[in-house]
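K.L.:
One structure coming up, written as structure tokens, with questions to follow.
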Amino acid sequence: MDHTDLAILDALDKNSRATVSEISKLVSLSTPAVSERIKKLEEAGIIEQFTLKLNYKKMNLNLMAFVFVSLKGGASIPQFREAMNSFPEVLECHHIAGEYDYLLKVLLTDTQELEQFISNRLKGIFSVQKTNTLINLSTIKSDLNRIAAP
């Protein structure tokens, strides 16, 4: 990947609906050249999918929380992971090192829904031993991707 590829990725990150023609003007390449580069980035697996960013507040999803989860010894990890993939409230599930086994990023309407999620759905999974929840007060930065090279 070179500087031009990074510029193409940056343009797509800012607007995944940008046309190849619009991007070609930004990076000073022909439309076919940009199209070929995007195709190569997709084939290489660098571009996994084109997506959108939602305004959660306008969807009445006002509460973001981070939930640390510890599993019992001998727990069924595949069962836990399958459950996390099936819960629409769970935006992200990370297997982590440290005191806890997993970190979840969840999005809900309010604290009542959070309580129901933790008490009934999450702790309803046999393998969950304990949880610790942090409520997000505000988000300072929320990028979907990191484009710039280090």
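All of the numbers you see were taken from the coordinates with simple rules; none came from a lab. If you're wondering where the values come from, they're calculated on a predicted model, not measured in any experiment. Here the Cβ is made from the backbone with ideal geometry for all residues, glycine too, and neighbour counts use every protein chain on show.
K.L.:
Within the set of other residues whose C-beta is less than 12 Å from the C-beta of Thr31, count the net charge using Lys and Arg as +1 and Asp and Glu as -1.
P.N.:
Working: positive: Lys25, Arg37; negative: Glu22, Glu36.
Net charge in that neighbourhood comes out at 0.
K.L.:
Looking at Leu63, Leu26, Met84, which one has the Cα that reaches farthest to the positive end of the dipole of the chain (charges on Cβ: Lys, Arg +1; Asp, Glu -1)?
P.N.:
Leu63
K.L.:
Quick one: helix 31-43 against the long Cα principal axis of the chain, what's the angle to the nearest 10°, folded into 0 to 90?
P.N.:
Approximately 30 degrees, to the nearest 10.
K.L.:
Additional query: What order do you get for Ser119, Ser24 when you list them from fewest to most C-beta neighbours inside 10 Å?
P.N.:
Details: Ser119 11, Ser24 19.
Fewest-to-most Cβ neighbours within 10 Å comes out as Ser119, Ser24.
K.L.:
I've got another one for you. About the Cα centre of the chain, how large is the charge dipole given +1 on each Lys and Arg Cβ and -1 on each Asp and Glu Cβ? Please answer in debye to the nearest 20. Let's see the in-between values first.
P.N.:
Working: 17 positive and 18 negative charges, 51 e Å.
That gives a dipole near 240 debye.
K.L.:
Do you know the relative contact order of region 57-135, to the nearest whole percent, from alpha carbon pairs under 8 angstrom that are 6+ apart? Write down the numbers at each step before the final one.
P.N.:
Values: 114 pairs, mean separation 38.2, N = 79.
Reported relative contact order: 48 percent.
K.L.:
Rounded to the nearest 10 degrees, what's the angle between the helix 3-14 long axis and the longest principal axis of the chain, both from Cα atoms, 0 to 90?
P.N.:
Relative to the chain, helix 3-14 is tipped by roughly 50 degrees.
K.L.:
Suppose every Lys and Arg Cβ carries +1 and every Asp and Glu Cβ carries -1, with no other charges. What dipole size does region 3-43 come out with about its Cα centre, to the nearest 20 debye?
P.N.:
On the way: 6 positive and 7 negative charges, 25 e Å.
Dipole size: approximately 120 debye.
K.L.:
In this model, which of Lys53/Lys123; Lys57/Lys141; Lys57/Lys123; Lys58/Lys105 are farther than 21 Å apart at the alpha-carbon?
P.N.:
Numbers: Lys53/Lys123 30 Å; Lys57/Lys141 16 Å; Lys57/Lys123 27 Å; Lys58/Lys105 19 Å.
Violating the 21 Å limit, Cα to Cα: Lys53/Lys123; Lys57/Lys123.
K.L.:
Around Leu71, what is the net charge, scoring Lys/Arg as +1 and Asp/Glu as -1 over all other residues with Cβ under 11 Å from its Cβ?
P.N.:
Values: positive: Lys72, Arg81, Lys130; negative: Asp101.
Charge balance near Leu71 sits at +2.
K.L.:
Just the number, please: Stokes-Einstein D of the chain in µm²/s, Kirkwood Rh from C-alpha pairs, 10 °C, 1.306 mPa s.
P.N.:
Details: Rh = 18.2 Å.
For the chosen part, D equals 87 µm²/s.
K.L.:
Let me ask something else about it. Calculate how steeply helix 77-86 sits against the longest principal axis of the alpha-carbon atoms of the chain, using the helix alpha-carbon long axis, and give the answer as 0 to 90 degrees to the nearest 10.
P.N.:
Once rounded, one gets 60 degrees.
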